[in-house]
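Read the structure below first, then the notes.
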Amino acid sequence: MLQVARIVGGRRLQGEVRAAGSKNACLPILAATLLTRDAVTLRNVPNLSDVQYMLEILQHQGAEVSQPAPGTWVVRAENVSHRTPYDLVRKMRASICLLGALVGRLRRCEIALPGGCIIGPRPIDLHLKGLARLGCDIRHDAGYVHVDASKARGEYVFLGGRMGSTVLGTANLVMAATLTPGTTRIDSAACEPEVVDLCNMLVRMGAHIEGIGSPSLSIEGVERLHGCEHSVIGDRIEAGTYLAAGAITDGDVTVRDIAVEHLGAFLDKLEESGVKIQTGKNFVRATGRPTKPIEVTTQPFPGFPTDLQAQIMALQLTVNGLTTVTERIYPNRFMHVPELQRMGAQIDIEGATAIIKGGRPLSGAPVMASDLRASAALILAGLAATGETWVQRLYHLDRGYEAFDARLTALGADIQRLPASQLPSGFGEE
Ligand code: EPU
C-alpha cells in the first residue's frame, strides 16, 4: 500500500535518538557472507526495505537466512549460484556488490548490469577495470557481465576515477581479492567508514588485509574464509539527518551509538553555520539553529558526504544570505530542488552548484520524493515550514531510514504516516 507523510511544521525537536546500523555498510557486508560456506552472524542490522531486498537476493543465490533476534541475521551459504538476473539487480543498484563476492567464492559470475538511477549515471567501469587488472576475463552479453576469474592473480590496481574513489567498486575488488592467489594492492581505494567496516568483517572471516581505512590497501589472498560474528557500525548519514532535523527546528537533539569521527566534515559545517555541537564517546548533540550561510562541497570521505547534501540544503534554507552547495560526486543530484522550490525555497542551479538564497519563509505543500535522501530533505523542510507538508512516494524513505517518522515523533515532531488514499484531493497522483 502506498503511503504518504503529513508533517505540520513549527514544532521544536528535543531529545535523544539512537543511530541504527548503517545501510551502506550492511549491503556489501551481507554480500560478503557468500564468501564462505560457514554461517555468518550479523548484528545491528537495520530494518530497511533495501536490507530485506538484499536478504531476498542472497536467498535467490542459494543462501539460507534466519533472524534469531530483532536486528540479528544469520546467513549460511553452503551452495551459491553464480548468476544474478536483471529482475533482481534493477530493483536495487547496490546489488552490484554481489559481483566481488561471487568472483571471490566461485571464481566466476554472471550478473546483470544495473543501469543508471535517478541521481545520475551509475557506471561500474572501475569495478570491472579492477577485476580485469587481476586477470579476470570479462565479457558483456545481453545486458549481463560475465566474469571468469579462473586465471586471476593478485596485482597492483589504481582504482581512482573521474570523481575520485568508488565505494562499492572498492568493496567488490577487496572481496574478490581476499580469495585470489597472490597480493593485490589497491591505490585510491575508498576510505569511507562503510568500506572499513566491510574490511574489518573480512579480517574476522580470515582475510589478510593491510592499510584498512587508508587509500592504499594490500590484500593477500587466502584459500578459504570462515564464518564470523560481526556488528554493523552506526549509520552516519542517518545520524546526520537527525542532527539536521533538530537544528532546522532550533531544537536540541542528541544522537547516540554513532562514531563521532565518521561525521567530521558534516559537524564542521554545522558549527560553521552557528549550530552548537557537543560530542562525547559515541554521541553527538546539536543545539540551536544555523544563523550563517556556508559553502559546502561534497567529496569522498573524509570530505562532506553527498548523502547529506540534500539535508544540509534544506537546513540552510532557513538562514539569511547565500549558501552554496557544490556536488562533486553526483553532479546532477539536485532533484529535491524543484520540490523545495514548491515550498517557497529560492535556489538557483549553476552546473554542479546550487545557490541557496536563504531566509525566505517556507510554506507547507504537497511534494514528491524522488530518492532516499531527497525524501529526508523534504521532511526536514516540512518541519520548518508553516502549515502542512505532504511528502509522497515514501517508499524511497523506507529504503534507508528505519522508522523515521516514529523517531521524529518521539523527538516532538508532528508527523503522520498515512495511506496515500488520504491525500487531500488535488494533492497528487497517489
Ligand atoms: N563511478 C565511476 N565508475 C565506477 C564507479 C563509480 O565513474 O565504476 C563514479 C560515480 O558515477 C560517482 C562516483 O564515482 O560519480 C562515486 O560513486 P561510488 O562508486 O562511490 O558510489 P556507489 O558505491 O555506487 C555508494 C553509496 C551511495 C553513495 C556513494 C558515494 C551504497 C550502497 N551506496 O554508492 O549511497 O552516495 O557511495 O558515497 O553504499 C545513498 O545511500 O543514498 C546512496 C546513494
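The values are calculated or read from the model by the stated rules, or taken from the named source; none is laboratory data. The model shown is predicted, which means the values in this text are computed figures rather than measured ones. All Cβ positions, glycine included, derive from the backbone under ideal geometry; neighbour counts span all protein chains shown.
The residue list T170, T183 contains one member that is over 26 Å from G234 (Cα atoms) and touching an Asp or Glu at 6+ places or on another chain (Cβ under 9 Å), which is T183. With the condition kept exactly as written, say whether any residue in the stretch 214-232 is among the aliphatic types (A, V, I, L, M) and within 20 Å of A314 (Cα to Cα). No, because not a single residue in the stretch 214-232 is among the aliphatic types (A, V, I, L, M) and within 20 Å of A314 (Cα to Cα). Against the conditions (1) more than 16 Å from the ligand (Cβ to nearest atom); (2) touching a residue at least 60 places away in the same chain (Cβ under 8 Å); (3) surrounded by 23 or more Cβ atoms within 10 Å (Cβ to Cβ), Q316 satisfies every one except (2).
Residue count for the stretch 103-122 under the criterion of being hydrophobic (A, V, I, L, M, F, W, C), within 15 Å of the ligand (Cβ to nearest atom) and surrounded by fewer than 20 Cβ atoms within 10 Å (Cβ to Cβ): the result is 3.
Scanning the stretch 323-330 for any residue that is in contact with a Lys or Arg (Cβ under 6 Å, 6 or more places away or on another chain), in the same structural domain as T306 (by TED's automatic domain parsing) and not basic (K, R) turns up at least one such residue.
For the residues R342, R289, R328, R256, the requirement of being surrounded by fewer than 24 Cβ atoms within 10 Å (Cβ to Cβ), farther than 30 Å from T409 by Cβ and basic (K, R) singles out R328. Does L98 satisfy the condition of being within 15 Å of the ligand (Cβ to nearest atom), modelled with pLDDT of 95 or more and surrounded by fewer than 22 Cβ atoms within 10 Å (Cβ to Cβ)? Judged against the criteria, L98 is not a match.
Any residue in the stretch 237-247 that is part of a loop (DSSP other than H, G, I, E, B) and touching a residue at least 12 places away in the same chain (Cβ under 8 Å)? Steps first, please.
Going through the stretch 237-247, the residues part of a loop (DSSP other than H, G, I, E, B) turn out to be none.
No, there is no match, as no residue in the stretch 237-247 is part of a loop (DSSP other than H, G, I, E, B) and touching a residue at least 12 places away in the same chain (Cβ under 8 Å).
I'd like the full set of residues that are among the acidic types (D, E) and either within 26 Å of A63 (Cβ to Cβ) or in contact (Cβ under 8 Å) with a residue 24 or more places away in the chain (or both), limited to the stretch 209-232. Even if it seems obvious, please write down each step before you answer.
Initial filter on the stretch 209-232 (among the acidic types (D, E)): 210, 220, 223, 229.
Result: E220, E223, E229.
Name the residues in the stretch 154-187 that are farther than 25 Å from D38 by Cβ and within 11 Å of the ligand (Cβ to nearest atom), would you?
Step one: of the stretch 154-187, the residues farther than 25 Å from D38 by Cβ are 155-167, 169, 185-187.
Within the stretch 154-187, L159, G160, G161, R162, M163, G164, S165, T166, V167, G169 qualify.
Going by what's in this entry, would G143 be described as in the same structural domain as R224 (by TED's automatic domain parsing), within 13 Å of the ligand (Cβ to nearest atom), among the small types (G, A, S) and out of contact with any Gly (no Cβ under 6 Å at 6 or more places or on another chain)?
Numbers: in the same structural domain as R224 (by TED's automatic domain parsing): yes; within 13 Å of the ligand (Cβ to nearest atom): no; among the small types (G, A, S): yes; out of contact with any Gly (no Cβ under 6 Å at 6 or more places or on another chain): yes.
Judged against the criteria, G143 is not a match.
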